[in-house]
Amino acid sequence: MLKRPSPEAFWSDEAPRHGFKLIDRNLDEGKDWDRALRIGREVMETTVEKTGMQVGSDTSVLEIGCGIGRLVFALAERAKEVVGVDVSPWYIEQARQKNPYDHVRFEVIDGRGLSLQTPSTFDVVFSHCVFVFLDVEDIAQYARDAFRLLRPGGQFIFELESMPKTRLSPAASIVRRGLYAAGVKQWRNWPTDPRFRRRIHEFEPLVRRLLSVGFYFERIAEQAGHTWYVARKPAEEQSPRISPRLAASGSAEPATADAR
């Protein structure tokens with residue numbers, strides 16, 4: 001059996017070389033901190049508005065895949081505690097160097113789950129522009145760990161690309177692999193490395209995984225080809241609930257498409 005390319009290894013290995021541009025191709029490859037933080041504040045404002053994320057002076061929040069910490073810093077004045085985790089030691093070091101807050105911390109994780117150095121529980125566990133690189137089984141593992149770390153009534157919020165698969169999707173994947181084999185490292189301003197593979201996940205299989213973990217599905221929020229999923233850990237013993245949209249749609253088999 002062929003070993004699948006490891007997205008965790010890609011981000012750990014390539015972050016020092018690509019710098020901020022790997023997070024956002026509109027950022028400079030160096031240390032464009034002011035712009036990065038400004039974009040982080042804008043993204044966080046939209047996220048809270050779209051998802052109904054719990055924020056406040058008594059709220060603890062964990063971000064999965066925090067990168068250089070731009071969303072963590074945006075939350076710093078809106079929460080009691082904010083923790084950012086990432087598989088890239090280089091990104092975590094950049095975030096730690098710029099961290100002026102006592103109630104904010106950053107940790108490196110191995111990409112196989114959420115094993116924190118300092119045990120904590122949270123009101124919100126969220127992820128932005130990270131799960132798009134993961135298989136559904138990896139997302140399910142993060143969901144199980146989020147459920148464990150959340151307080152009763154806590155939210156699990158994540159964002160994925162939701163554009164439908166087209167005939168061009170597999171063609172783009174073939175082109176990228178060919179370019180990488182030929183030594184071309186960039187295409188459309190993104191790496192061609194096979195470990196840098198974006199995926200489009202279908203709605204129903206993901207929500208069913210959340211229900212199987214124990215969450216109840218609260219809402220989705222669509223935004224320009226992206227979907228925010230909002231789930232909640234029950235505040236007390238109750239059966240996982242399903243949305244009317246999902247209940248009406250019937251069953252669906254898990255499916256993942258190459259998005260780029």
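Does the stretch 117-132 contain any residue that is surrounded by fewer than 19 Cβ atoms within 10 Å (Cβ to Cβ), free of Cβ contacts under 8 Å to residues at least 40 places away in the same chain and touching a strand residue (DSSP E or B) at 6+ places or on another chain (Cβ under 6 Å)? Yes; the residues of the stretch 117-132 include at least one that is surrounded by fewer than 19 Cβ atoms within 10 Å (Cβ to Cβ), free of Cβ contacts under 8 Å to residues at least 40 places away in the same chain and touching a strand residue (DSSP E or B) at 6+ places or on another chain (Cβ under 6 Å). Taking the stretch 59-75 as the range and being over 14 Å from the mean Cα position of the chain (by Cα) and either aromatic (F, W, Y) or at positive phi (or both) as the test, only F73 passes.
Can you confirm whether R144 is within 21 Å of A231 (Cα to Cα) and under 16 Å from the mean Cα position of the chain (by Cα)? Reasoning before the result, please.
Values: within 21 Å of A231 (Cα to Cα): yes; under 16 Å from the mean Cα position of the chain (by Cα): yes.
When the stated conditions are applied, R144 passes them.
In the stretch 59-72, what residues are in contact with a strand residue (DSSP E or B) (Cβ under 7 Å, 6 or more places away or on another chain) and over 16 Å from W228 (Cα atoms)? Spell out the reasoning first.
Restricting attention to the stretch 59-72, the residues satisfying the condition of being in contact with a strand residue (DSSP E or B) (Cβ under 7 Å, 6 or more places away or on another chain) are 59-67, 69, 71-72.
Of everything in the stretch 59-72, those that are in contact with a strand residue (DSSP E or B) (Cβ under 7 Å, 6 or more places away or on another chain) and over 16 Å from W228 (Cα atoms) turn out to be T59, S60, V61, L62, C66, G67, G69, V72.
Pairs meeting the criteria (first residue in the stretch 88-101 and among the polar types (S, T, N, Q), second residue crowded, with 16+ Cβ neighbours inside 10 Å and part of a helix (DSSP H, G or I), beta carbons under 8 Å, at least 6 apart or on different chains) are S88/W11; S88/S12; S88/A15; N99/F73. Can you find a residue in the stretch 49-58 that is over 19 Å from V230 (Cα atoms), among the polar types (S, T, N, Q), more than 19 Å from the chain's Cα centre (by Cα) and surrounded by fewer than 17 Cβ atoms within 10 Å (Cβ to Cβ)? Looking through the stretch 49-58, at least one residue is over 19 Å from V230 (Cα atoms), among the polar types (S, T, N, Q), more than 19 Å from the chain's Cα centre (by Cα) and surrounded by fewer than 17 Cβ atoms within 10 Å (Cβ to Cβ). Kindly indicate whether R144 is under 21 Å from A9 (Cα atoms) and touching a residue at least 60 places away in the same chain (Cβ under 8 Å). Taking the combined requirement at face value, the residue does not satisfy it.
With respect to the conditions (1) surrounded by fewer than 17 Cβ atoms within 10 Å (Cβ to Cβ); (2) in contact with a Ser or Thr (Cβ under 8 Å, 6 or more places away or on another chain); (3) not aromatic (F, W, Y), L150 lacks only one, and its number is (1).
Yes/no matrix, rows are residues, columns are (1) closer than 17 Å to E159 by Cβ; (2) modelled with pLDDT under 85; (3) out of contact with any Gly (no Cβ under 9 Å at 6 or more places or on another chain):
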site: R4; (1), (2), (3): no, yes, yes
site: E14; (1), (2), (3): no, yes, yes
site: F20; (1), (2), (3): no, yes, no
site: R38; (1), (2), (3): no, no, yes
site: T46; (1), (2), (3): yes, no, yes
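Looking at this structure, is A231 at pLDDT below 90, within 23 Å of L150 (Cβ to Cβ) and aliphatic (A, V, I, L, M)? In short, no.
For the stretch 151-166, the condition holds for at least one residue, the condition being that it is at pLDDT below 90, over 22 Å from P234 (Cα atoms) and either part of a helix (DSSP H, G or I) or of a type in the set (G, A, S) (or both).
The values are calculated or read from the model by the stated rules, or taken from the named source; none is laboratory data. Fair warning: this is a prediction, and the values are worked out from it, not measured in the lab. We place every Cβ from the backbone using ideal geometry, glycine too, and count neighbours over all the protein chains shown.
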